[in-house]
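Scroll down for the structure; my scribbles are underneath it.
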Amino acid sequence: MREQFPFAVARVTRRWRKMLDERLKDLGVTQARWSTMVYLEKGGEGLTQRELASLMAIENPTLVRLLDSLEQQGLIERRPCPKDRRARRLHLTGAGRAFMDELSGRAEVLREEMLEGISDEEIECTVEVFHKILENAEKQK
């Protein structure tokens, strides 16, 4: 069973992303774009591009392309950083906040569908296990 674990986690993750991507298709964003928006909201508005790239564990040039497309869609804006003229701080626009509200609502419906028949206790235990795995991974760095 232990050897199946990483593959089961990967399958669930891929399936979640694919299903959510399908449910967001009409909003005109790709998985890369909506996940960037999620990380920006999670990390807190006002992050620099470098901070967001680090949070997402991707290279800065990759992020720049994503941010360019999100900015063109009117979902985010880059504002000058008062302390560093070279840096730009990232913020959701009004349309970006509305998008995140829609995304959150659709994600909540999908989450409830996928977790049907699973108790809160089982979910809590699973999340605790994931936290322990991540702690172990951090020790290996």
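Readers should treat all values here as calculations from the given coordinates under stated rules, not as data from a laboratory. None of the values given here were measured: they were computed from a predicted structure. Don't worry about glycine lacking a Cβ; one is built from the backbone with ideal geometry, like all the others, and counts go over all protein chains shown.
Between R15 and C81, the C-beta separation translates, for a Förster distance of 41 Å, into a calculated FRET efficiency of about 0.60. For E128 and E102, the FRET efficiency from 1/(1 + (r/R0)^6), where r spans their Cβ atoms and R0 equals 35 Å, is about 0.70. Rounded to the nearest 500, the 222 nm mean residue ellipticity of the chain from helices alone is -22500 deg cm²/dmol, with -39,500 (n - 2.57) taken per DSSP H run of at least 4 residues. Once the Kirkwood radius over Cα pairs is known for the chain, the Stokes-Einstein relation at 4 °C and 1.567 mPa s delivers a diffusion coefficient of 76 µm²/s.
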